[in-house]
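The values are calculated or read from the model by the stated rules, or taken from the named source; none is laboratory data. Computed from a predicted structure; not experimentally measured. Backbone-built Cβ (ideal geometry, glycine too); neighbour counts: all protein chains shown.
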Amino acid sequence: MKKNILMLTLFFSYLITAQITEAGKWLGNNELKDNPYELASDEYMKLTMESIAAYNKNDVEKELSFYEKEYADNAREFMTKYHGELKSVSMQPWAMLPVRVKESDNVNMLVWSTENREWNNGSKQKVYLMEVFTFNKDKKINNFNQWRRYDPKNEFGLPYGGKFYGKKDNEYTGRNLVFSNRGEVEAIESLIENYNKMDGEACQSLFAENAIFDAYDGVRYTMSADFFESYFENYESVTWKAYGIVPLKIQNTDPASGVLVSATEKRIAKDGTVWDKELMEQFYFNLDGKIEYVEQWIRDKKE
């Protein structure tokens, strides 16, 4: 028993007196690879807090004074525009940790915070942030990285929203919608450009084989290989101009997506007839990124 008590006493004495000065590991592919991290001076925390105070006051020049000149010069235009759109901003750090990779000249100031933003247009936003302010050997910030999570009660800025119902209840009913980013916007822009040039082959290349087109008048077309060539034969010119392209998909499903396009279109036929309408169309992209189905609605233009 006495031996066990002695061993425990020695163990706890070690825990009390021992100091861990290094921990973790840098895994980047450079000369510092596998070096451990070590704590840096709290002076960097003080400098970061001063830069945050300037940020909260929307004082761009004061904030940029904490940055390396080249970095500040590159960021000035963006920061001036950003702060000019803000009525108020309040970044409140709740944890800060200055560390450096052993033998590095740079210090990384790790900052966790909550930030509330109110924009001049009346919108409000709350974000939870994890940020890294990197200081050079002159104690100036020369790099900055940010990761954020939006408060689910935000008025805007969420990566998801809306709700899918479906014409009939199915396994996806009730799920949120998210933006899709598999090149759909670029595909629609290309389609519009080539449509206005009446380049049938270029338009056709964006569609899956035998895609389906449900037109505004209730007629269903199968878009065979010569669909656009035959279509353009009837017109002197066409002018299709989009004013909204919104690519969406159902959350947590395969990559197939739907794109809502609002536009105007003017067609001048070879017999002189003019067709000039507002359009609302949905383009459905398959897993291969090709358009496989189109739905179309129209209305007369409003002056």
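Taken as a whole, the condition of being within 19 Å of residue 127 (Cβ to Cβ), among the basic types (Lys, Arg) and modelled with pLDDT of 95 or more applies to residue 87. The number of residues in the range 83-101 that are surrounded by fewer than 14 Cβ atoms within 10 Å (Cβ to Cβ) and either among the basic types (Lys, Arg) or assigned to a helix (DSSP H, G or I) (or both) comes to 2.
Taking the stated definitions as given, is residue 237 closer than 22 Å to residue 202 by Cβ, crowded, with 17+ Cβ neighbours inside 10 Å and small (Gly, Ala, Ser)? Show your work before the answer.
Details: closer than 22 Å to residue 202 by Cβ: yes; crowded, with 17+ Cβ neighbours inside 10 Å: no; small (Gly, Ala, Ser): yes.
Answer is no for this residue.
One residue is enough: does the range 251-258 have a residue meeting the conditions in contact with a Lys or Arg (Cβ under 6 Å, 6 or more places away or on another chain), crowded, with 16+ Cβ neighbours inside 10 Å, part of a strand (DSSP E or B) and among the polar types (S, T, N, Q)? Within the range 251-258 (the criterion being in contact with a Lys or Arg (Cβ under 6 Å, 6 or more places away or on another chain), crowded, with 16+ Cβ neighbours inside 10 Å, part of a strand (DSSP E or B) and among the polar types (S, T, N, Q)), the answer is yes, since at least one residue qualifies. The residues of the range 26-41 that are loosely packed, with under 14 Cβ neighbours inside 10 Å, of a type in the set (Asp, Glu) and under 22 Å from residue 138 (Cα atoms) amount to a single one, 31. You will find that of 171, 201, 186, 193, the residue that is under 15 Å from residue 259 (Cβ atoms), surrounded by fewer than 15 Cβ atoms within 10 Å (Cβ to Cβ) and without any contact (Cβ under 8 Å) to a residue 40 or more places away in the chain is 186 and no other. Residues in the range 216-233 that are touching a strand residue (DSSP E or B) at 6+ places or on another chain (Cβ under 6 Å) and either part of a helix (DSSP H, G or I) or exposed (fewer than 14 other Cβ atoms within 10 Å of the Cβ) (or both): 220, 221, 222.
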